[in-house]
């Protein structure tokens, strides 16, 4: 009898451990939460889960809802038990607004984002990573109209290079290359969008261009690149990388070396290592070098996990990420890897 009871207790313990491992909820989570304007998917995930990137794994997809990942202010998130296991479920409010004699439906664009999009918007729309070969073969601004050094929207200017049948180009300001801190491989070159231009006529390798859009003054030397055809994702779902990833923070936006909460950083890993938008990486603070006065030698302390970042744009060899948790000061060259 005693052995039987011990077996039952052990089986219950294993079952409870399995549920906890599958659905790692925080303690004292609310049974219901009403989504507010300004919330993000990450905020809500962090409220309920110890590991917020596991959101999709414990999400109960109500078959009556076309896309349960689209969450709107006013919707209610509930913790329920299905087959004895905790899950999160969405109760959607009626998004139809009666405006006699019509009915207005709240568009999907008003759904809460996974990340604070105002912080990363310029990296989604204004920045791209290009290769040195793309820079070298791209036409460039050679002169402004009547020898002006700066041009703006509505101005005529001249560009030199090889022009194809493309009628319009993006105007980009080329920055410094990103170098892998370990191998020194060139991972890409940042190109910042400054405007758009339309080809008016071409004579030999000189094109007369009309600036149709300008976010900043167009300078001599700006490069002309075809507009990107790849879709830019503005909806992200937290997820762990499918493959093993380990890299470093190469730079932080603003040219500083210290990294904090909601800073945008670039890392030396990208699509070729299996990264994609939405992937979560843990940030590990490099262990400091200290002196062991007993052994009379210098040693490095262990690396300690100190934050999290979410990849919001992945390129072939590198990625941009947003620091969504920083438990202590971080810095360039700190390590990123699977959480």
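All of the numbers you see were taken from the coordinates with simple rules; none came from a lab. These figures come from a predicted structure and were not determined experimentally. Please note: Cβ atoms are built from the backbone with ideal geometry, for glycine as well, and neighbour counts cover all protein chains shown.
Worth pointing out:
- At full extension, residue 182 and residue 125 could sit 17.6 nm farther apart than now, given 0.36 nm per residue minus the alpha carbon distance.
- Protection-proxy order for peptides 37-48, 200-211, each taking the mean of Cβ atoms within 10 Å per residue, highest first: 37-48, 200-211
- Listed peptides 132-144, 322-334, 288-300 by packing density, highest first (mean Cβ within 10 Å): 322-334, 132-144, 288-300
- Across the range 122-225, Cα-Cα pairs more than 24 Å apart make up 23 percent of the total.
- Distance between the 7 Å Cα→Cβ label points at residue 258 and residue 91: 4.6 nm.
- In terms of the mean number of neighbouring beta-carbon atoms within 10 Å, the peptides 118-130, 145-157 order highest first as 118-130, 145-157.
- Gained length - residue 78 relative to residue 316, 0.36 nm times residue gap less alpha-carbon distance: 81.8 nm
- Additional length obtainable on full extension of the chain from residue 291 to residue 150, 0.36 nm per residue less Cα span: 45.2 nm
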